[in-house]
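Student: Please see the structure below; I have some questions.
The values are calculated or read from the model by the stated rules, or taken from the named source; none is laboratory data. What you are looking at is a predicted structure, and each value in this text was computed from that prediction instead of being measured. Counting neighbours? That spans all protein chains shown, and the Cβs are built from the backbone with ideal geometry, glycine included.
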Amino acid sequence: MMQTLTRGVLAALLVIAAAATAAAQTTPASRAIDRANMDTTCLACQDFYEYANGGWQTRATIPAAYAVWGSFQQLSDKNEAVVHDILEDAAKRAPTARAGSNLWKIGTFYGTCMDSSRIEAMGRTPLQPTLDAIAAITTREQLSRSFGDLDQRAGLAPFGIGAAQDPKSSVDMIAQAGQGGLGMPERDYYLRTDEKSKALQGRYVEHVARTFVLLGESDADAQRDAARVMALETRLASGSMPRVAMRDPNAVYHKMSLTEFQALAPHVDMTRYLQDVGAKHVTVVNVRQPDFFRTLDTLVATVPLEDWKAYLRWRAANTSMPALSSAFVNQAFSWSQNLTGAKELRPRWKRCLGATEAVLGEAVGELYVARTFTPAAKARALAMVNNLRDALRERIGQLGWMSDSTKRMALVKLDAFTRKIGYPDKWRDYSALRVKRGAYAENLLAANRWGTARQWAKLGKPVDRTEWGMIPPTVNAYYSPTLNEIVFPAGILQPPFYDPTADDAVNYGGMGAVIGHEMTHGFDDQGRQFDAAGNLRDWWTSQDAAAYKARAQLVSDQFDRYTVIDSATHVNGKLTLGENIADLGGLTIAYAAFQKSLAGKPRPAKIDGFTPEQRFFLSWAQVWREASRPEAERVQVNTNPHAPARWRVNGPLSNMPEFARAFSCSPGDPMVRRDSIRAQIW
């Protein structure tokens, strides 16, 4: 499900810089079921992930710049090669292109990012205006009034405010405010007291101190200021809402007037903040985490001013590191290795590709689609989406645990799904985005301001239901609960997920299950709370809601028992519940659609010794194959709503009698759950 609160271009670039998900080599994705990737010495009914992927897992080498390597990364790498060619071509043509055109902006922006000599010569100079503004703060009142200006410069405020749909009135765009301000991945990284967490906290403080040295501080001052930052961020973390709690959409809905919001945090000048970011007409705000803003208010009122100024200097450097000289880039990478385990920094062109997509993604996507995505491919994908929708409609009608009244409402919601395939019908307008030859950091700052202004301009206007939350080259898909839409970018509609030359079993087990997954998100433990119009509204009978929760609890309990890395580290069944429900539902729906596609036709022959049903499940498993570094696995378990790959495969399959029949599994086999603990929802 999509995030509804964003922090701008600079924050996006920081994520790109830390992700370490680009490789220095290109490996073509498998186009069908490859026996060489399997380990048939492992029994399918014992550990299907190992059976389907054991051969690949044994041979897999994670490229040095990667934290994770698998089907998604292989295909992303292939797409990046296409985009790289587009960007290099744009950079060559920019000098003669029409100034201000999308091609000119793409080529110019990418070119300034690739100009490493100029960036190196600039050093930390691009930061100086922001550092000067922080140095000029001498009173708490000035601190309180500074957050908007500093957010405009580099996304420095310790909270996020943006324009978003009103979850309970989805036709309206309102302001939405949420917690933020942390340099480590999430709150628990600050609050855990085990030895591994303490060691990571120590390395984070070292990273902050080294960054202060790069800003010109002495070692002693840097250590002092790093301790200040850690203390302040820890207090922000202690006031933050846990990830699992935020999964309840009602728990993060607190709509109030601007006056009430200001009263929540009287020492933070919210009115001035909104004026500085160009949102002076805001009158109501959905405050997602009121307790966080109460904590923030206390900190602004009581924490020494010099501590706050040290924190803001750190934020300025941290958000800007990808745009600065190699000393800053290398320091950021050194810290990120603690979270990703990556051995090498990505090549500059890959980092600049990510930056260009973050700023001009749809302009780049339009060129990508022209090269790679045909009308025929879009038609095939839409046909599969429609087949999956029909299968889900039938499944809902057959549910024995759901009343007719709730079924009717579920079908209304299903029929209201908006289906977006490949690319937007209307491309984003970049005419107001200022790009110029010269300093890369200036272009990033201009992009941040443009993006902020573009978001706030949505207030008071009809929701733009043509807008996309992903760009076409993305190897991913999503469901939006407030828009009630399923979206499949062109980037994922190719092998190994969808292959027009492969048999239906492979395509339904791959892309079909992905489509079913996104559809099921409309009815997972979060999505089911939104109606057909995208409003947060309870449309379930109390009996049906109780039955659903009992079935969902089975899924949560199952995943709580799975371990990762070592016997002490478990998957978080509550954090991953929505994705696990979507995997189980999506696979169930895809299998039903696949079986329907076989009806009335001669039974397909075995291929490579496997029946169509077996190939369906093998396709599912091989799509999710993945090799991860231990550091990345720990971050995933702590922060990611998706379960690790092995359990994304084995978890849902162990609940499916169809799988057990396909591989002749027996009761008592590890891949077969007893009826009393078998989860079945959709």
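Student: Report the residue count in region 51-73 for those that are surrounded by 21 or more Cβ atoms within 10 Å (Cβ to Cβ) and either part of a helix (DSSP H, G or I) or over 26 Å from the mean Cα position of the chain (by Cα) (or both).
Tutor: Matching residues across region 51-73 total 6.
Student: Hey, another quick one. Given (1) modelled with pLDDT under 95; (2) touching a strand residue (DSSP E or B) at 6+ places or on another chain (Cβ under 6 Å), where does Val68 come up short, assuming only one miss?
Tutor: (1)
Student: Whether any residue in region 273-291 is under 17 Å from Gln176 (Cβ atoms), at pLDDT 95 or above, over 28 Å from the mean Cα position of the chain (by Cα) and surrounded by fewer than 19 Cβ atoms within 10 Å (Cβ to Cβ) is what I want to check.
Tutor: yes
Student: Please indicate, with yes or no, whether at least one residue in region 506-516 is aromatic (Phe, Trp, Tyr) and surrounded by fewer than 19 Cβ atoms within 10 Å (Cβ to Cβ). Step through it out loud before you land on a result.
Tutor: Going residue by residue through region 506-516, those that are aromatic (Phe, Trp, Tyr) are 508.
With the extra rule that they be surrounded by fewer than 19 Cβ atoms within 10 Å (Cβ to Cβ), the set shrinks to none.
No.
Results for (1) in contact with a Gly (Cβ under 8 Å, 6 or more places away or on another chain); (2) under 18 Å from Ile565 (Cα atoms), shown as yes or no for each residue.
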{"position": "Ser619", "(1), (2)": "yes, no"}
{"position": "Asn638", "(1), (2)": "no, yes"}
{"position": "Arg646", "(1), (2)": "no, yes"}
{"position": "Ser654", "(1), (2)": "no, no"}
{"position": "Ser664", "(1), (2)": "no, no"}
{"position": "Arg678", "(1), (2)": "no, no"}
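Student: Determine, yes or no, whether Gly162 is crowded, with 20+ Cβ neighbours inside 10 Å, closer than 23 Å to Val635 by Cα and touching a Leu at 6+ places or on another chain (Cβ under 6 Å). Lay out the reasoning, then the answer.
Tutor: Numbers: crowded, with 20+ Cβ neighbours inside 10 Å: yes; closer than 23 Å to Val635 by Cα: no; touching a Leu at 6+ places or on another chain (Cβ under 6 Å): yes.
In short, no.
Student: State all residues of region 493-505 that are within 16 Å of Ala383 (Cβ to Cβ) and not in a loop (DSSP other than H, G, I, E, B); if no residue qualifies, say none.
Tutor: Asp504
Student: Quick one: is Arg648 under 21 Å from Asp524 (Cα atoms) and of a type in the set (D, E, K, R)?
Tutor: Yes.
Student: When region 336-380 is examined, which residues are found to be closer than 21 Å to Thr108 by Cβ and among the aromatic types (Phe, Trp, Tyr)?
Tutor: Passing the criteria: Trp349, Tyr368.
Student: Scan region 172-181 and tell me whether some residue there is in the same structural domain as Leu258 (by TED's automatic domain parsing) and out of contact with any strand residue (DSSP E or B) (no Cβ under 8 Å at 6 or more places or on another chain). I'd like the intermediate steps shown before the answer.
Tutor: Going through region 172-181, the residues in the same structural domain as Leu258 (by TED's automatic domain parsing) turn out to be 172-181.
Now drop any that are not out of contact with any strand residue (DSSP E or B) (no Cβ under 8 Å at 6 or more places or on another chain), which leaves none.
No, region 172-181 has no match at all.
Student: While we're looking at this one, here's another question. Residues of region 637-655 being in contact with a strand residue (DSSP E or B) (Cβ under 7 Å, 6 or more places away or on another chain) and either over 13 Å from Glu579 (Cα atoms) or not in a loop (DSSP other than H, G, I, E, B) (or both), which ones? Steps first, answer last, please.
Tutor: Start the filter on region 637-655 by keeping residues that are in contact with a strand residue (DSSP E or B) (Cβ under 7 Å, 6 or more places away or on another chain), which leaves 637, 644-645.
Within region 637-655, Val637, Ala645 qualify.
Student: Any chance you could count how many residues in region 241-269 are assigned to a loop (DSSP other than H, G, I, E, B) and of a type in the set (Gly, Ala, Ser)? Outline the logic, then answer.
Tutor: Going through region 241-269, the residues assigned to a loop (DSSP other than H, G, I, E, B) turn out to be 241-242, 247-254, 265-269.
Remaining after also requiring of a type in the set (Gly, Ala, Ser): 251, 265.
Qualifying residue count for the region: 2.
Student: Taking interchain pairs and intrachain pairs at least six residues apart, which have beta carbon atoms under 6 angstrom, with the first residue in region 440-460 and over 13 Å from Leu274 (Cα atoms) and among the small types (Gly, Ala, Ser) and the second surrounded by fewer than 17 Cβ atoms within 10 Å (Cβ to Cβ) and at pLDDT 95 or above?
Tutor: Pairs found: Ala446/Arg434.
Student: Among Arg140, Arg93, which is the only one that is closer than 25 Å to Lys436 by Cα, modelled with pLDDT of 95 or more and of a type in the set (D, E, K, R)? Step through it out loud before you land on a result.
Tutor: On the way: Arg140 fails: closer than 25 Å to Lys436 by Cα.
Every option except Arg93 fails the conditions.
Student: Would you check if there is a residue in region 598-619 being touching a residue at least 60 places away in the same chain (Cβ under 8 Å), farther than 30 Å from Thr40 by Cβ and in a helix (DSSP H, G or I)?
Tutor: No: zero hits.
Student: Now a separate question. Within region 601-624, is even one residue surrounded by fewer than 21 Cβ atoms within 10 Å (Cβ to Cβ), farther than 22 Å from Glu50 by Cβ and of a type in the set (A, V, I, L, M, F, W, C)?
Tutor: Taking every residue of region 601-624 in turn, at least one turns out to be surrounded by fewer than 21 Cβ atoms within 10 Å (Cβ to Cβ), farther than 22 Å from Glu50 by Cβ and of a type in the set (A, V, I, L, M, F, W, C).
Student: Pick out the one residue from Ala316, Ala342 that is crowded, with 20+ Cβ neighbours inside 10 Å, small (Gly, Ala, Ser), in contact with a Ser or Thr (Cβ under 9 Å, 6 or more places away or on another chain) and closer than 30 Å to Phe147 by Cβ. It would help to see each step written out before you state the result.
Tutor: Values: Ala342 fails: closer than 30 Å to Phe147 by Cβ.
None of the others qualify; the one that does is Ala316.
Student: Out of the residues in region 270-284 that are assigned to a loop (DSSP other than H, G, I, E, B) and of a type outside the set (S, T, N, Q), which is farthest from Gly460 (Cα to Cα)?
Tutor: Looking only at region 270-284, we keep the residues that are assigned to a loop (DSSP other than H, G, I, E, B), and these are 277-283.
Subset that is of a type outside the set (S, T, N, Q): 277-282.
Details: Val277: 16, Gly278: 14, Ala279: 11, Lys280: 12, His281: 9, Val282: 9 Å.
Filtering first and then ranking leaves Val277.
Student: I'm trying to understand the selection: among the residues of region 656-678, which are within 16 Å of Tyr591 (Cα to Cα) and in a helix (DSSP H, G or I)? Step through it out loud before you land on a result.
Tutor: Narrowing region 656-678 to residues within 16 Å of Tyr591 (Cα to Cα): 656-663.
Result: Pro657, Glu658, Phe659, Ala660, Arg661, Ala662.
Student: Next up: Could you give every pair whose Cβ atoms fall below 7 Å, whose first residue belongs to region 315-334 and is outside any helix (DSSP H, G or I), and whose second residue is among the small types (Gly, Ala, Ser), counting only separations of at least 6 or pairs across chains?
Tutor: Ser325/Gly123
Student: Hey, can you tell me all the residues within region 541-550 that are under 25 Å from Ala643 (Cα atoms) and crowded, with 17+ Cβ neighbours inside 10 Å?
Tutor: The answer is Ala547, Tyr548.
Student: Could you check region 182-204 and list, in sequence order, the residues that are small (Gly, Ala, Ser) and either without any contact (Cβ under 8 Å) to a residue 40 or more places away in the chain or in contact with a strand residue (DSSP E or B) (Cβ under 9 Å, 6 or more places away or on another chain) (or both)? Full working, then the answer.
Tutor: From region 182-204, those small (Gly, Ala, Ser) are 183, 197, 199, 202; that's our starting set.
Scanning region 182-204 gives Ser197, Ala199, Gly202.
Student: Restricting to region 621-647, and then to whatever is among the β-branched types (Val, Ile, Thr) and touching a helix residue (DSSP H, G or I) at 6+ places or on another chain (Cβ under 9 Å), can you tell me which residue is farthest from Leu339 (Cα to Cα)? I'd like the intermediate steps shown before the answer.
Tutor: Within region 621-647, the subset among the β-branched types (Val, Ile, Thr) is 623, 635, 637, 639.
When the remaining residues are screened for being touching a helix residue (DSSP H, G or I) at 6+ places or on another chain (Cβ under 9 Å), the result is 623, 635, 639.
On the way: Val623: 25, Val635: 6, Thr639: 11 Å.
That would be Val623.
Student: Kindly indicate the residue of region 233-247 that is surrounded by fewer than 21 Cβ atoms within 10 Å (Cβ to Cβ) and touching a residue at least 60 places away in the same chain (Cβ under 8 Å) and also farthest from Gln455 (Cα to Cα) among those meeting that condition.
Tutor: Taking the candidates together, the pick is Arg235.
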